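Asker: Quick one: structure below, then a few questions.
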2 protein chains.
Amino acid sequence: MSASPETVTTSRSPAATTKGRRHPLGLGQATITGGFWAPRQARNGADAIPSGQDQLEKAGNLQNLRLAAGLGEGEAIGPVFADSDVYKWLEAAAWEYGRNPDDDLLQRIRDLTAVVAAAQREDGYLDSVVQLRYGDEGRYQQLVWSHEHYCAGHLIQAAVAQVRCTGDRALLDVATKLADHLVATFGDDKTVDVDGHPVIEMALVELYRETGTTAYLDLAKWFVEARGHGIIERHGHSPAYFSDRVPVREATSVEGHSVRAVYLAAGAADVALETGDSELLDSLKSQFDHMWSTKTYVTGGLGARWEGEAFGDEYELPPDRAYAETCAAIGGIQWAWRMLLATGEAAYGDAIERMLYNGFLAGVSLTGTEYFYVNPLQLRGSAYPDTGRSPAHGRRGWFDCACCPPNIMRTLSSLDGYLATTTDDAVQIHQYAAGVITSGDVELTVDTNYPWDGSVRITSATPVAVELRIPGWADGATVNGQPVEAGGYARVEAADIDLQLPLTPRLVGADPRIDAVRGCVAIERGPLVYAVEQVDNTANVDDLHLLPEAPVAQDSELLDGVTVLSARGRTGTGHREGWPFTGDAEDSTGDEVEVTAIPYYAWANREIGAMRVWLPRA
Amino acid sequence: MSASPETVTTSRSPAATTKGRRHPLGLGQATITGGFWAPRQARNGADAIPSGQDQLEKAGNLQNLRLAAGLGEGEAIGPVFADSDVYKWLEAAAWEYGRNPDDDLLQRIRDLTAVVAAAQREDGYLDSVVQLRYGDEGRYQQLVWSHEHYCAGHLIQAAVAQVRCTGDRALLDVATKLADHLVATFGDDKTVDVDGHPVIEMALVELYRETGTTAYLDLAKWFVEARGHGIIERHGHSPAYFSDRVPVREATSVEGHSVRAVYLAAGAADVALETGDSELLDSLKSQFDHMWSTKTYVTGGLGARWEGEAFGDEYELPPDRAYAETCAAIGGIQWAWRMLLATGEAAYGDAIERMLYNGFLAGVSLTGTEYFYVNPLQLRGSAYPDTGRSPAHGRRGWFDCACCPPNIMRTLSSLDGYLATTTDDAVQIHQYAAGVITSGDVELTVDTNYPWDGSVRITSATPVAVELRIPGWADGATVNGQPVEAGGYARVEAADIDLQLPLTPRLVGADPRIDAVRGCVAIERGPLVYAVEQVDNTANVDDLHLLPEAPVAQDSELLDGVTVLSARGRTGTGHREGWPFTGDAEDSTGDEVEVTAIPYYAWANREIGAMRVWLPRA
């Protein structure tokens, strides 16, 4: 599959650690072949990745690198982090090649890699925008905003994916040269500074895993430990936004810019994994728990505030003004995955599933080529799209700040790597997708139409010890006819495994401290959170109440074939004329109406109108 | 009272129009002498205005003007709109002199005026920051952001206040020279551009009122009409933020930056008033109604979003993330006042009262010298102050962007001007404050301890026709023992008037479309909205529910003497462990507890802790 498979020593997956309690099974070991995800990955490979390259060309990102490589003259275009989008695309392309080797794609990867290599400075430095705009003397002058390490991190991640999936070492050479330059430049006796936007931490640990060079791990550790000691504040910036208010191991929650926060936490988890730092790991467990119980949307979306693209205070989770950036869901998945590898705890698999099917997947259209940056849980019918990121615009083909689209691409093309792990005595299946899982001599075939159907059949030639994640919501699940507990792993040794996950639609309420959805319920079925969209409903969705009857599931052809839920509701009444704060009567409701709900991830694929995940109780 | 009272031909009040259905009674005609407002005005004059000048010195605003005047060398400091804070202070000082003439204050006004005059360029241009940073060639190059007209507007308003209250024409000479320069520079055949931040519209109309120069009115009209025709968009900016998406007369609501929006609307109302443009006035009525019914907090606070300091969509009114900038409440009062003058409708008086006692007054501490920029209706106990404007910091003595403090000062020192108006046959009293109202030969003495007490006694030597605003909330009000209807004016002709406004505490709910406060009630008494603050309560305020019993009012010494309300509530239960979206049970509550509420305006004067205006129903 890869050009020179001999060179691939680590798992062909993101976070290919061997130190955790679980060992990842990479691409080629876990392979999605059908069901829910295969067509999404196919569209990602056939449409999104090619069109992504066109977008990078159009936006000037590729030209920046060419100019830095001396291939022409001109000025850098776009934001300071423009290179990172190219690297995320290269990473996506590498994983995609690993899934589905294609000569044309490989050639494109190689051509672009050659440009990147040519853009690199003699001493290993590389950042086309800084090179073009500020020259050598402009390096690291504004690291809090310049994203130079952020770009380096994404380059390294792309290089690691490239060597793992194509065997090509060309980008890895660039990455090690850049990493060596960083090692030579940053540290206690050198430049004491950190990038305003983490990601370099995860990247350096991966590069250490790939190369065995401990200096990379040491530098990752240094970047993690350097935070929280006033570096950002000394530059005159508010430290909370940059996760620099307290040392990572002393933090008790996440705060500030949500993508920065979860990328840093994921990098810290990588460091803890490789160094065996249990204190750091325990702190990260507490931080994740706190985030998950007080600062996460029901969709797994992260980040409650547009202002600063930030986490809010505890229980501050407005559905309408949810930021829930697509990249934050991706970073959340990355963090949870590392915690899963480190601890083996099923709760992280549950978290990944929730983020994956909801907060993440809502970020991309059914066609695979249009995106949401921001993923609210409510849009009013009267919403006005006042900014380019407003969901009231509908999905968009690209953004001025285009971090999300190539991030989605790399997540989809590496998704196989998140399905399963091994331990010495078992295979763990964390996400249920139709496909094949191979571990040593063992080959498991997974047959399922999950999440539409709760039946998962796992077969192998001989009995295999398998640990199946039973989601926390799956009360009543059975394995080979035996009841198993929800929220943990069910271990079974068999050649033929029949897992049944009950997909009865559920109405869920919220902790009453989440003020913004008081008196409301959301609808879930299996791992999917549902949404009520105006296009499916005759009653005004802005003002629709839900009756406490169980919704009825129904297969449909809608939206590429989803299970639609029918429920009963009532129209809203009690509207005030003029001044809206009068009278103290409780809410009343009007006529009974049918309510149709679709999976949240599929909203905004037909027309833009009112949408809500949380509906008031009738 | 004023140095040369003969020169004052207009009412000594803001918006001294003679064209409306109501004629304002300015300072000296309406005078607050006691009760609720007098000590606030006294502290404003004695403490806030002097300390404001010190703050302007410390922040560099005054030095900028000195440098522009050639008194020293150096670079401009602070934001581009730095001059405007000086002008707002000068305006505040002028009204304060009008209230309470003081030689020292007059000297300070004159000294500072001399600096401003010296900083003005030969051709009338004046903006110290632009002059120092960009020179003559930098003028109007970035009008969308440069605030040059905004600064000019505040200068003109200060000049008008100065001539009205001191008789001094020095600043008026600067203002007319600057206005003449603007007239010569902007218009259809000249520079077609508008300032990103309105205020010049109101200012030019006032200058027209003061001078009779119709060119100023014409230019104000031109600035109003120029908006909404793509000027901002041509500069590459989003027009909604700047109220430039549609022509003012075609707008159906307010949108974008809330202060900019209401300042523009107030200026348009001034234009409509002076030109008799009933179409424009009708449009502004609709816009105000729409704002008031769908985009205003129960406190009268305006602006639901931190991002862009903006109005949200209809019914988007989160209490915790309310921006509700103090300046927006001030702009809202200015707009409503002009609408009241134009239409004579009591609803605008009601709106002014609500904004004044709540959204505005919360912006200043009891001491008068510490301020809130942002005025949320909820603060969680765990809130983290991640920005300088965060209310979780508590009130602050000044801000980097210091628009609010001097705006509060000028509002308090000109407050007398908002109390009363006249028509040919009556005096209208819009706001109830202890004081004296003089109109021609008539002198009315108003005796009241409102808003603590609902009794207002108005006496005069002979019977006078008085129209008393009966607030919309005042069901059961009586005038001289006769029931009068709430929400309108009650006309009475007598020498001794006894108005009784019932101050029974009220629980109010919200239109159910305001999702963020579903299932909650707020407590009001008279014009005051109440808040529950942690410092007064043993139960956790974050999680406190209110029982539907009428709160009991009790005089207290707290907070300079407020009426405290005692209510009954219940603690919250139903907290989830870990993942917060489980179970579909409705909210439950625990132990019954006493709840103490204080006027919202007085919160955050003791310690910073949890606070909420809206409490869930127990």
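Asker: I need a count of the residues in region B:365-421 that are touching a residue at least 60 places away in the same chain (Cβ under 8 Å) and of a type in the set (D, E, K, R).
Answerer: Counting residues in region B:365-421 that are touching a residue at least 60 places away in the same chain (Cβ under 8 Å) and of a type in the set (D, E, K, R) gives 5.
Asker: Return yes or no: is B:VAL192 over 25 Å from B:GLY303 (Cα atoms), in contact with a helix residue (DSSP H, G or I) (Cβ under 9 Å, 6 or more places away or on another chain), among the aliphatic types (A, V, I, L, M) and open to solvent by 50 Å² or more (accessible area, probe 1.4 Å)?
Answerer: Numbers: over 25 Å from B:GLY303 (Cα atoms): yes; in contact with a helix residue (DSSP H, G or I) (Cβ under 9 Å, 6 or more places away or on another chain): yes; among the aliphatic types (A, V, I, L, M): yes; open to solvent by 50 Å² or more (accessible area, probe 1.4 Å): yes.
For B:VAL192, the condition - over 25 Å from B:GLY303 (Cα atoms), in contact with a helix residue (DSSP H, G or I) (Cβ under 9 Å, 6 or more places away or on another chain), among the aliphatic types (A, V, I, L, M) and open to solvent by 50 Å² or more (accessible area, probe 1.4 Å) - is met.
Asker: Hey, can you tell me all the residues within region B:232-243 that are assigned to a helix (DSSP H, G or I) and buried (at least 20 other Cβ atoms within 10 Å of the Cβ)?
Answerer: The initial filter retains those residues of region B:232-243 that are assigned to a helix (DSSP H, G or I), namely B:232-234, B:240-242.
Passing the criteria: B:ILE232, B:ALA240, B:TYR241, B:PHE242.
Asker: Further, regarding this structure: List every residue pair whose Cβ atoms lie under 9 Å apart, where the two residues are 6 or more positions apart in sequence or sit on different chains, the first residue falls within region B:472-492 and is polar (S, T, N, Q), and the second residue, located anywhere, is surrounded by fewer than 18 Cβ atoms within 10 Å (Cβ to Cβ) and not in a strand (DSSP E or B).
Answerer: What qualifies is B:THR478/B:PRO502.
Asker: Of the residues that sit in region A:119-133 and are open to solvent by 20 Å² or more (accessible area, probe 1.4 Å) and in contact with a helix residue (DSSP H, G or I) (Cβ under 8 Å, 6 or more places away or on another chain), which one is farthest from A:ASP180 (Cα to Cα)? Give the derivation first.
Answerer: Step one: of region A:119-133, the residues open to solvent by 20 Å² or more (accessible area, probe 1.4 Å) are A:120-123, A:131-133.
Now narrow it down to the ones that are in contact with a helix residue (DSSP H, G or I) (Cβ under 8 Å, 6 or more places away or on another chain): A:120-121, A:123, A:131-132.
Working: A:GLN120: 13, A:ARG121: 13, A:ASP123: 9, A:GLN131: 18, A:LEU132: 22 Å.
Here the residue is A:LEU132.
Asker: Tell me, yes or no, whether region A:350-360 has at least one residue that is in a loop (DSSP other than H, G, I, E, B), closer than 27 Å to A:ALA272 by Cα, touching a residue at least 60 places away in the same chain (Cβ under 8 Å) and within 9 Å of chain B (Cβ to nearest Cβ).
Answerer: Going residue by residue through region A:350-360, those that are in a loop (DSSP other than H, G, I, E, B) are none.
No.
Asker: Next question. From the list A:ARG396, A:ARG410, A:ARG389, pick out the single residue that is among the charged types (D, E, K, R) and closer than 27 Å to B:LEU317 by Cβ.
Answerer: On the way: A:ARG396 fails: closer than 27 Å to B:LEU317 by Cβ; A:ARG410 fails: closer than 27 Å to B:LEU317 by Cβ.
Among A:ARG396, A:ARG410, A:ARG389, only A:ARG389 is among the charged types (D, E, K, R) and closer than 27 Å to B:LEU317 by Cβ.
Asker: Please enumerate the residues belonging to region B:406-448 that are among the polar types (S, T, N, Q) and assigned to a loop (DSSP other than H, G, I, E, B). Before the answer, list the steps.
Answerer: Initial filter on region B:406-448 (among the polar types (S, T, N, Q)): B:407, B:411, B:413-414, B:421-423, B:428, B:431, B:438-439, B:445, B:448.
Once the filter is applied, which keeps residues that are among the polar types (S, T, N, Q) and assigned to a loop (DSSP other than H, G, I, E, B), region B:406-448 yields B:SER414, B:GLN431.
Asker: Still on this structure: Hey, any hits in region B:355-365 for a residue that's open to solvent by 30 Å² or more (accessible area, probe 1.4 Å) and more than 17 Å from B:ALA610 (Cβ to Cβ)?
Answerer: Narrowing region B:355-365 to residues open to solvent by 30 Å² or more (accessible area, probe 1.4 Å): none.
So far as region B:355-365 goes, no, none of its residues is open to solvent by 30 Å² or more (accessible area, probe 1.4 Å) and more than 17 Å from B:ALA610 (Cβ to Cβ).
Asker: Which of the strands (runs of 3 or more DSSP E) found entirely inside region A:503-570 contain at least 3 residues meeting this: in contact (Cβ under 8 Å) with a residue 40 or more places away in the chain and more than 10 Å from chain B (Cβ to nearest Cβ)?
Answerer: Values: elements: A:506-508, A:520-525, A:528-533, A:544-546, A:552-555.
It comes to A:528-533, A:552-555.
Asker: Looking at A:GLY472, A:GLY476, A:GLY487, which is the one that is more than 14 Å from chain B (Cβ to nearest Cβ) and open to solvent by 30 Å² or more (accessible area, probe 1.4 Å)?
Answerer: Numbers: A:GLY472 fails: more than 14 Å from chain B (Cβ to nearest Cβ); A:GLY487 fails: more than 14 Å from chain B (Cβ to nearest Cβ).
Result: A:GLY476 is the single residue among A:GLY472, A:GLY476, A:GLY487 that is more than 14 Å from chain B (Cβ to nearest Cβ) and open to solvent by 30 Å² or more (accessible area, probe 1.4 Å).
Asker: Pairs please, first residue from region A:291-306 and outside the structural domain of A:SER243 (by TED's automatic domain parsing), second anywhere and open to solvent by less than 10 Å² (accessible area, probe 1.4 Å), Cβ atoms under 9 Å, 6+ apart in sequence or on different chains.
Answerer: none
Asker: Also, I was wondering about something else. Among the residues of region A:203-220, is there at least one that is open to solvent by less than 10 Å² (accessible area, probe 1.4 Å), over 20 Å from A:LEU182 (Cβ atoms), of a type in the set (Ser, Thr, Tyr) and in the same structural domain as A:MET339 (by TED's automatic domain parsing)?
Answerer: no
Asker: B:THR326 is checked against (1) out of contact with any strand residue (DSSP E or B) (no Cβ under 8 Å at 6 or more places or on another chain); (2) within 30 Å of B:ALA486 (Cβ to Cβ) and fails just one. What number does that condition carry?
Answerer: Of everything listed in (1) out of contact with any strand residue (DSSP E or B) (no Cβ under 8 Å at 6 or more places or on another chain); (2) within 30 Å of B:ALA486 (Cβ to Cβ), B:THR326 misses just condition (1).
Asker: I need a count of the residues in region A:134-177 that are touching a residue at least 40 places away in the same chain (Cβ under 8 Å) and open to solvent by less than 30 Å² (accessible area, probe 1.4 Å).
Answerer: Qualifying residue count for the region: 27.
Asker: Can you tell me which residue within region B:291-319, out of those that are assigned to a helix (DSSP H, G or I), facing another protein chain (nearest Cβ under 10 Å) and farther than 19 Å from B:SER390 by Cβ, is nearest to the chain's Cα centre (by Cα)? Don't jump to the end; show me each part of the working.
Answerer: We begin by selecting, within region B:291-319, every residue assigned to a helix (DSSP H, G or I); these are B:291-294, B:307-309.
Filter once more, keeping what is facing another protein chain (nearest Cβ under 10 Å): B:292-294, B:307-309.
The next check asks that each one be farther than 19 Å from B:SER390 by Cβ; those that pass are B:292-294.
On the way: B:TRP292: 15, B:SER293: 18, B:THR294: 19 Å.
Per the criteria, the residue is B:TRP292.
Asker: Which numbered condition trips up B:ASP560, out of (1) out of contact with any strand residue (DSSP E or B) (no Cβ under 9 Å at 6 or more places or on another chain); (2) buried (at least 18 other Cβ atoms within 10 Å of the Cβ)?
Answerer: For B:ASP560, the failing item is (2).
Asker: Moving to a separate point now. Quick one: would you say B:ILE429 is of a type outside the set (Gly, Ala, Ser), away from chain A (no Cβ under 14 Å) and open to solvent by less than 10 Å² (accessible area, probe 1.4 Å)? Can you show your working first?
Answerer: Working: of a type outside the set (Gly, Ala, Ser): yes; away from chain A (no Cβ under 14 Å): yes; open to solvent by less than 10 Å² (accessible area, probe 1.4 Å): yes.
Criteria met by B:ILE429.
Asker: Counting only residues that are within 14 Å of another protein chain (Cβ to nearest Cβ) and out of contact with any helix residue (DSSP H, G or I) (no Cβ under 6 Å at 6 or more places or on another chain), which one in region B:385-402 is most open to solvent (accessible area, probe 1.4 Å)?
Answerer: So in region B:385-402, the residues within 14 Å of another protein chain (Cβ to nearest Cβ) come out as B:385-393, B:400.
Then keep just the ones that are out of contact with any helix residue (DSSP H, G or I) (no Cβ under 6 Å at 6 or more places or on another chain); that gives B:387-393, B:400.
Values: B:THR387: 43, B:GLY388: 39, B:ARG389: 73, B:SER390: 10, B:PRO391: 8, B:ALA392: 18, B:HIS393: 70, B:ASP400: 147 Å².
By that ranking, first place goes to B:ASP400.
Asker: Against the definition (outside the structural domain of A:ARG12 (by TED's automatic domain parsing), out of contact with any strand residue (DSSP E or B) (no Cβ under 9 Å at 6 or more places or on another chain) and surrounded by fewer than 21 Cβ atoms within 10 Å (Cβ to Cβ)), how does A:PRO463 come out, yes or no? Can you show your working first?
Answerer: Values: outside the structural domain of A:ARG12 (by TED's automatic domain parsing): yes; out of contact with any strand residue (DSSP E or B) (no Cβ under 9 Å at 6 or more places or on another chain): no; surrounded by fewer than 21 Cβ atoms within 10 Å (Cβ to Cβ): yes.
No.
Asker: Please tell me if B:ARG22 is among the basic types (Lys, Arg) and farther than 25 Å from B:LEU112 by Cα. Give the steps one after another, and end with the answer.
Answerer: On the way: among the basic types (Lys, Arg): yes; farther than 25 Å from B:LEU112 by Cα: yes.
Criteria met by B:ARG22.
Asker: Do you know which residues across region A:38-60 are open to solvent by less than 10 Å² (accessible area, probe 1.4 Å) and in a helix (DSSP H, G or I)?
Answerer: Filtering region A:38-60 down to residues open to solvent by less than 10 Å² (accessible area, probe 1.4 Å) leaves A:41, A:44, A:48-49, A:52, A:56, A:60.
Matches in region A:38-60: A:GLN41, A:ASN44, A:ALA48, A:ILE49, A:GLY52, A:LEU56.
Asker: Further, regarding this structure: For region B:45-57, give me each residue that is among the charged types (D, E, K, R) and without any contact (Cβ under 8 Å) to a residue 40 or more places away in the chain.
Answerer: Step one: of region B:45-57, the residues among the charged types (D, E, K, R) are B:47, B:54, B:57.
B:ASP54, B:GLU57, listed by residue number.
Asker: Which condition from (1) touching a residue at least 12 places away in the same chain (Cβ under 8 Å); (2) among the aromatic types (Phe, Trp, Tyr); (3) farther than 29 Å from B:PRO39 by Cα is the one that B:TYR600 breaks?
Answerer: (3)
Residues are listed down the side, and each one gets a yes or a no for (1) outside the structural domain of A:TYR489 (by TED's automatic domain parsing); (2) closer than 19 Å to B:ARG576 by Cα; (3) in contact with a helix residue (DSSP H, G or I) (Cβ under 7 Å, 6 or more places away or on another chain):
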position: A:SER283; (1), (2), (3): yes, no, yes
position: A:SER286; (1), (2), (3): yes, yes, no
position: A:GLU309; (1), (2), (3): yes, no, yes
position: A:GLU314; (1), (2), (3): yes, yes, yes
position: A:ARG321; (1), (2), (3): yes, no, no
position: A:GLY344; (1), (2), (3): yes, no, no
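Asker: Give me the residue from region B:571-606 that is away from chain A (no Cβ under 14 Å) and not in a strand (DSSP E or B) and, out of that set, surrounded by the fewest Cβ atoms within 10 Å (Cβ to Cβ). Step through it out loud before you land on a result.
Answerer: Keep residues of region B:571-606 that are away from chain A (no Cβ under 14 Å), which gives B:591-599, B:601-606.
Imposing the further condition that a residue be not in a strand (DSSP E or B) reduces the set to B:601-606.
Details: B:TYR601: 25, B:ALA602: 21, B:TRP603: 29, B:ALA604: 24, B:ASN605: 19, B:ARG606: 16.
Residue satisfying both the conditions and the ranking: B:ARG606.
Asker: As an exercise: evaluate A:THR326 against (1) within 14 Å of chain B (Cβ to nearest Cβ); (2) of a type in the set (Ser, Thr, Tyr); (3) crowded, with 24+ Cβ neighbours inside 10 Å and give the number of the one condition it does not meet.
Answerer: Looking at each condition in turn, A:THR326 falls short on (1).
The values are calculated or read from the model by the stated rules, or taken from the named source; none is laboratory data. A quick note: this is a predicted structure, and the numbers were derived from the prediction, not measured. Ideal geometry is used to build each Cβ from the backbone, glycine not excepted, and the neighbour counts take in all protein chains shown. The accessibility values were calculated without ligands, DNA or RNA, using every heavy atom of the protein model including side chains. Shrake-Rupley method; radii C 1.70, N 1.55, O 1.52, S 1.80 Å.
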